[in-house]
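Down below is the structure, laid out as C-alpha cells.
The values are calculated or read from the model by the stated rules, or taken from the named source; none is laboratory data. Predicted model only: the values in this text are computed from it and were never measured. Here the Cβ positions follow ideal geometry from the backbone for every residue, glycine too, while neighbour counts run over all protein chains shown.
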Amino acid sequence: MSELRICDVSLRDGSHVIRHQFTADQVRTIAGALDAAGVHMVEVSHGDGLGGSSIQYGPSLVNELELIKTARSVLTRAKLAVLLLPGIGTRDDLKAARDLGADVVRVATHCTEADISAQHIGYARELGMQVAGFLMMAHMNPPAALAAQARLMESYGAHAVYVTDSAGALTVDAARDRVRALRDALKCDVGFHAHNNLSLAVANTLVAIEEGATWIDSATRGFGAGAGNTATEVLAAVLDRMGKNPGLDVFKLMDIAEELVPPVMQKPTMIDRASLTLGYCGVYSSFLRHAERAAERFGVDAREILTEVGRRKAVGGQEDMIIEVAYELSQRRAGRANT
Amino acid sequence: MGSESGRARCAILGSGNIGSDLMVKLMRSAALEVVAMAGIDRASEGLARARQAGLRVFENGIDGLLSMRPLPQIVFDATSARSHLEHAPRLRDAGIVAIDLTPAAVGDYVVPAVNLEERRGASNVNLVTCGGQATIPIVAAVSRVAQVEYAEIVATIASASAGPATRQNIDEFTETTARGLERLGGARRGKAIIVLNPADPPIMMRDTIYVRFAPGASQEEITASIRRMVREIQQYVPGYRLRAEPLFEEDQVTVMIEVEGAGDFLPRYSGNLDIMTAAAVRVGEETARNLARAAATGGTR
C-alpha cells in the first residue's frame, strides 16, 4: 500500500463555485502556496474537466491550458493533476495538458459507466502519466457493483481508483463499505473524494483512510462545489493530531484558507438549504450554482429544481436537465395561476 | 437495373441490433427491396431472424454479398468504422452505393432533413453520428435564417442503448458530431458532449442544442424555422419532438428535443439508434429514386 497523498482540488472543484472565472494570477498564488505547504498534488482544470468550457457547464474566463501552464511554473514538489470526463474532454485535450507538464490525470465516469474510460486511461499511460479512475456519484452504486467497475478501470491501467462522492450523499457506513469493497477488489491504490453537503466530509475521509484509501482529495477552505470538499487545512490538523500527517504544514494551509482563498471565492461554500438538499437528495454538487441561476431565471425554488433533478436520476454532466426542469416547474406554476 | 418488384435491391452488412432494426424498416419500404443480410458470426440471432424473414444470409460478410448475382445496388453498412474502411473500396469497385452507419466517414456526411438532395448521386455517404442526426438539423434551421457563430450539443443517451463500439470510441462521437455541426449545421464552431445515463427504466434519447447567433436575427424567424425543421424530421422519425419551446437568452437559443424510437426491433428508448436506421432508410429511398431516374434516362449515376 502506498503512502498517504493529498490532492488539493480547489483550483478545479473550486472552479464550479466561481463559475470558471479563475485568473492566472489567482492560480499562481494559490498553487505556489499549496506547493510550499506540502500538498502532494494540485489539480487544475475547468470544473468539469479538460474541454469543459462550454455553454452547458459555463465558459472559462481564462483557457484552462493557460492556467495549467501557470501552475506548472510554480510547482516544485507537488505533482500537477488534471481532470478528464470522457464524453466531454478528448485525448487531444489530454495531450495538450501533458505537453504543458501535467503529471497526473483523473479520468472520471459515472459510477456505472467505467468502460467509457478505457480509451483515455490507456492513452494517459502511453503518455507516461499517473492515472486515477474516478467513479463519480458513488452513492448510486452499491459496494460490490462499484468494486466491479473499479476493477475495469484497474484493468485499463489506472494506478488508483476513487470512490467519488460527487453528491456528498454518502453516510459514514456507506462510505466505509464502498472503500472497503474497492480495497478488497483491487491491487492498485484506492482514493476518496468527498463533498461536505451532509457535514461528513472529514469524517468520511478519515473512515476511508482507515479502510486503506491513500489518494485523498481535499480543498483548502473546502473550495469546491456544493457545500465544498473536505477542507485541506482541517484534514491536515486532524491527521497531525492523529500522528498521521503526511508532511503537510498545518499553519501554512490555515493561512491559505484564511488569506488567499476567500478573496477568490466570491461567496463562502457552506451548508445551507440548497447545498444540504444536494446531499439529502443525492444530486451532483456542481448543479448547485446552475440551479440557483435557473431558479432566478424561471422564478422557482432552487430546492424544487434539485429535488426533481434527483428524482429523475440525473448524472454528472446533465446540467441541461436543470434548465428543462426549471422551465417545466415555471410552466406548471403558470398553469396553476391561470386556472 | 431494378429488381422485378421495381424497387432497388439492397442488402445489410452487419447482423447486430442496428442491422436487425434496419431490416424491419426496410421490409416496409415501397422503394427498397431488402434481399440479403451478411454477418460474420454464424450464431448471430440477427442472421437467424433474417433467414426467417426470407432474406439470403451470408456468414462470410462482404465476400458473401459480393458473390450474389445480381449484386445488390445499395448496401447499408452497420458494422464498425474499421470494417467499413475495408468495405468501402470493394463496394465502390462493384458499383454499389454504400450507406455507412459507422463513424468511418469515408463518404460525405448526410443528414436527410438537411442535405439529402445535394448528396443524391454520391457512391458513399456517411450518417455522422446519432447525436449528429438529432441535432445538426436544428443548427441548420437556425443557420438558414441567421449566421451561427457557435453550436454546442449535449446528447444524453440511456446506458442500455450505448453499445460497446460507442463506449470504446467515445472521442469519435464528440469529434465527428462537432465536425458535422460545422459542415452541415453551418456553425462557425461546433462542440459536442455525450452523457450516458443508467436510470432504469431507461430514459429516451434527449439532446440539448445551444446555438449562438449573430446579433440582429429575429427570434420569431428562428423559432418558425426550427418548427418547420422538426416537422421535416418527423416525416422519417415520428418520435422526434421538442421538449420545450425554444428558449432565447440574448443572442442564444436553447432547444431541447427528445427522440422516441419506433420500436421496430430496438426498444423505444433507443431513439439514438432508431434515428440512425430511419435516416439510413430515408437516404436509401432517395438513392433508389435516383437510380431509377438514371436507368430511365439511360445515363449513369
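Report, ordered by the first and then the second residue, all pairs with beta carbons closer than 8 Å, sequence separation of six or more or different chains, a first member in region A:184-196 that is within 21 Å of A:S285 (Cβ to Cβ), and a second member that is in a strand (DSSP E or B) and acidic (D, E).
What qualifies is A:G191/A:D217; A:F192/A:D217; A:H193/A:D217; A:A194/A:D217.
Determine if region B:240-257 includes at least one residue that is assigned by TED's automatic domain parsing to the domain that holds B:A134 and more than 22 Å from A:I322 (Cβ to Cβ).
There is at least one residue in region B:240-257 that is assigned by TED's automatic domain parsing to the domain that holds B:A134 and more than 22 Å from A:I322 (Cβ to Cβ).
Do the conditions hold for A:A132, that is, is it assigned by TED's automatic domain parsing to the domain that holds A:K69, part of a helix (DSSP H, G or I) and not β-branched (V, I, T)?
Considered against the rule, which asks whether it is assigned by TED's automatic domain parsing to the domain that holds A:K69, part of a helix (DSSP H, G or I) and not β-branched (V, I, T), A:A132 comes out as no.
So B:A244 fits all but one of (1) buried (at least 21 other Cβ atoms within 10 Å of the Cβ); (2) over 17 Å from the mean Cα position of the chain (by Cα); what number is the exception?
Among (1) buried (at least 21 other Cβ atoms within 10 Å of the Cβ); (2) over 17 Å from the mean Cα position of the chain (by Cα), the lone unmet condition for B:A244 is (1).
Only one residue in A:L186, A:L198 is in contact with a helix residue (DSSP H, G or I) (Cβ under 7 Å, 6 or more places away or on another chain) and farther than 21 Å from A:G279 by Cα. Which one?
The match here is A:L186.
Tell me, yes or no, whether region B:163-173 has at least one residue that is in contact with a strand residue (DSSP E or B) (Cβ under 7 Å, 6 or more places away or on another chain), at pLDDT below 95 and not small (G, A, S).
Scanning region B:163-173, I find at least one residue that is in contact with a strand residue (DSSP E or B) (Cβ under 7 Å, 6 or more places away or on another chain), at pLDDT below 95 and not small (G, A, S), so the answer is yes.
Given the residues A:V300, A:V261, A:V283, A:V309, which is the only one that is crowded, with 21+ Cβ neighbours inside 10 Å, farther than 26 Å from A:R332 by Cα and of a type outside the set (S, T, N, Q)?
Answer to the selection: A:V261.
Confirm whether B:P112 is buried (at least 24 other Cβ atoms within 10 Å of the Cβ), within 15 Å of B:L184 (Cβ to Cβ), touching a residue at least 60 places away in the same chain (Cβ under 8 Å) and of a type outside the set (S, T, N, Q).
Yes, satisfied.
Pick out the one residue from B:L181, B:L196 that is buried (at least 20 other Cβ atoms within 10 Å of the Cβ) and within 15 Å of B:V128 (Cβ to Cβ).
Only one candidate passes the filter, namely B:L181.
Restrict the check to region A:235-255 and report whether at least one residue is assigned by TED's automatic domain parsing to the domain that holds A:H139, among the β-branched types (V, I, T) and buried (at least 24 other Cβ atoms within 10 Å of the Cβ).
No; the residues of region A:235-255 include none that is assigned by TED's automatic domain parsing to the domain that holds A:H139, among the β-branched types (V, I, T) and buried (at least 24 other Cβ atoms within 10 Å of the Cβ).
Given (1) away from chain B (no Cβ under 14 Å); (2) in contact with an Asp or Glu (Cβ under 8 Å, 6 or more places away or on another chain), where does A:R5 come up short, assuming only one miss?
The number of the failed condition is (2).
Which ones in region B:39-68 are acidic (D, E) and within 19 Å of B:V24 (Cβ to Cβ)?
Filtering region B:39-68 down to residues acidic (D, E) leaves B:41, B:45, B:59, B:63.
If the condition is that a residue be acidic (D, E) and within 19 Å of B:V24 (Cβ to Cβ), then B:E45 is the only one that fits.
Out of (1) surrounded by fewer than 24 Cβ atoms within 10 Å (Cβ to Cβ); (2) in contact with an Asp or Glu (Cβ under 6 Å, 6 or more places away or on another chain); (3) away from chain A (no Cβ under 13 Å); (4) not β-branched (V, I, T), the odd one out for B:K191 is which?
If we test B:K191 against (1) surrounded by fewer than 24 Cβ atoms within 10 Å (Cβ to Cβ); (2) in contact with an Asp or Glu (Cβ under 6 Å, 6 or more places away or on another chain); (3) away from chain A (no Cβ under 13 Å); (4) not β-branched (V, I, T), just (3) comes out false.
Restricted to region A:45-102, and to residues that are of a type in the set (S, T, N, Q) and assigned to a helix (DSSP H, G or I), which residue is farthest from the chain's Cα centre (by Cα)? First the steps, then the outcome.
The initial filter retains those residues of region A:45-102 that are of a type in the set (S, T, N, Q), namely A:45, A:53-54, A:56, A:60, A:63, A:70, A:73, A:76, A:90.
Keeping just the survivors that are assigned to a helix (DSSP H, G or I) gives A:70, A:73.
On the way: A:T70: 21, A:S73: 23 Å.
Step by step, filter region A:45-102, then rank; the result is A:S73.
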